[in-house]
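Since the structure comes first, as structure tokens, the remarks are kept for the end.
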Amino acid sequence: MEKSIENIWKTGFIDHNALVAPKIINLYNQKSIHVIDKIMRMGKVNLIYLVVLAAIFLLGGFIAGTPYLGLVWSLLIVAHILLALKHTNVLKNIDKSVNSYQYIKTFDEWITYFIADFMLFSRFFYPIFFLSFVIQARFTDAGRKILNYIITSNPDMSLFLGVPTFIVIIVFVVTAVLALCGGLLYKLDLNIVYGRVLKKLNEILTDMEELKH
Amino acid sequence: MSSDFYTSSILPHAGIIIKICRAYTDTQEDFEDYFQEVCLQIWKSRDRFRGDSKWSTWIYRLTLNICLTLIKKKKNNRQHYTSEYEIRDEGTEENRSFSDESLNQLYEAIKKLSEIDRAVILLYLEEKRNKEIAEIIGTSPNNIAVRVNRIKERLKTLLDGKID
């Protein structure tokens, strides 16, 4: 006998097994794996980008006639890469076979340590980056011309190592600000690139902690 | 999620959640993922339930929204990672989830409907009134009445005269 769709629906679900809810287990297994994998993938891409950038600085420095500046910037980037690799090696020791909460918690601790280390590193990175640029600028033709113009226009100006004192003070202040705010600059940069995915990681961790209680 | 909340607030409506999740998934694995995600989102969003509608209506709406979001996400991921040929190939996979063969056939037919039509017919089959379906879907009761008739005709065609 032919049945209406309403009948098929009603009689089909009379079988009690048809509506047995699946067990809710390892709720965040997939999510935590996905988010961590995403962070790791982004990190790898970032490292490749940094290697390319280091090469560009080095070659660009030679081509532009500022080899020392190119070398210093390139070395700064290399130091950044080495620090990131050091941390990534630590991550390899995390046991993925433990439960997803423990895994994501360990990863979160790792990333917190990673960020703290890089915030400290950035307090040297940005000032050195800036100072090397200023020192290089001082010895370029344009830099010499500008300095000569300033000095000859104001013969009474006080000088420090042949440079007007006020310029030395400005450079000192900017360097100090960069040293103080280097960590914040790093966090700003980090948030632009990883902000969304790190927020997701935090949300998952908060949910998992709430689920545990 | 406390087991109390699950038992008292979700489990009584697990039937409709299961029925909806089944209609939007092709495999058991996907079904379980969708079911878990729905339960999790209900738990996470519980504070946003203001009591303007019935708890069950709110659950239906949430379940549909989550399934539609997940299906959209899945489609996007597939477009990124697989060829069009592979998508079509996977879409033809049958999932005989129930012991009742007529019900399996009906589900296969429902899965061939558009995502919104699937939602409408599922709620209709759950004996929801047009007004409530309209409230959940976000349209007028008249529109639902017309849609339901059209969907039933389409299901009849899809089931090749196996139903009245």
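The values are calculated or read from the model by the stated rules, or taken from the named source; none is laboratory data. Please read all numbers here as calculations on a predicted model, not as lab measurements. Positions of Cβ are backbone-derived with ideal geometry, glycine not excepted, and every protein chain shown enters the neighbour counts.
Among the residues of region B:32-48, how many are more than 10 Å from chain A (Cβ to nearest Cβ) and among the basic types (K, R)?
Looking only at that region, the number is 2.
Scan region B:124-149 for residues that are surrounded by fewer than 18 Cβ atoms within 10 Å (Cβ to Cβ) and under 18 Å from the mean Cα position of the chain (by Cα) and jot them down.
Within region B:124-149, B:E126, B:E127, B:R129, B:G138, B:T139 meet the criteria.
Residue-by-condition table, conditions (1) away from every other protein chain (no Cβ under 13 Å); (2) in a helix (DSSP H, G or I); (3) hydrophobic (A, V, I, L, M, F, W, C):
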residue: B:L11; (1), (2), (3): no, yes, yes
residue: B:G15; (1), (2), (3): no, yes, no
residue: B:D30; (1), (2), (3): no, yes, no
residue: B:R61; (1), (2), (3): yes, yes, no
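Name, by its number, the condition in (1) touching a helix residue (DSSP H, G or I) at 6+ places or on another chain (Cβ under 6 Å); (2) at pLDDT 85 or above; (3) under 30 Å from B:R46 (Cα atoms) that does not hold for A:R123.
For A:R123, the failing item is (3).
Identify all residues within region B:17-28 that are in contact with a Leu (Cβ under 8 Å, 6 or more places away or on another chain) and either part of a loop (DSSP other than H, G, I, E, B) or more than 9 Å from every other protein chain (Cβ to nearest Cβ) (or both); write none if there are none.
Of everything in region B:17-28, those that are in contact with a Leu (Cβ under 8 Å, 6 or more places away or on another chain) and either part of a loop (DSSP other than H, G, I, E, B) or more than 9 Å from every other protein chain (Cβ to nearest Cβ) (or both) turn out to be B:I20, B:A23, B:Y24.
Answer with yes or no whether B:G15 is closer than 26 Å to B:T139 by Cβ, surrounded by fewer than 18 Cβ atoms within 10 Å (Cβ to Cβ) and modelled with pLDDT of 80 or more.
Judged against the criteria, B:G15 is a match.
Which of (1) away from every other protein chain (no Cβ under 14 Å); (2) within 16 Å of B:S8 (Cα to Cα) does B:G51 not meet, given it meets every other one?
(2)
Please specify each residue of region A:116-133 satisfying the condition of being aliphatic (A, V, I, L, M) and within 16 Å of A:K86 (Cβ to Cβ).
Just the residues of region A:116-133 that are aliphatic (A, V, I, L, M), to begin with: A:116, A:119-120, A:128, A:131.
Within region A:116-133, A:A116, A:M119, A:L120 meet the criteria.
In this structure, is A:L180 in contact (Cβ under 8 Å) with a residue 40 or more places away in the chain and surrounded by fewer than 16 Cβ atoms within 10 Å (Cβ to Cβ)?
Spelling it out, A:L180 is indeed in contact (Cβ under 8 Å) with a residue 40 or more places away in the chain and surrounded by fewer than 16 Cβ atoms within 10 Å (Cβ to Cβ).
From B:Y6, B:Y34, grab the single residue that is free of Cβ contacts under 8 Å to residues at least 60 places away in the same chain, more than 25 Å from B:L113 (Cβ to Cβ), in a helix (DSSP H, G or I) and among the hydroxyl-bearing types (S, T, Y).
Unique residue meeting the criteria: B:Y6.
Specify the residue that is farthest from A:D141 (Cα to Cα); the eligible residues are those in region A:64-113 that are of a type in the set (D, E, K, R) and touching a residue at least 60 places away in the same chain (Cβ under 8 Å).
So the residue we want is A:K105.
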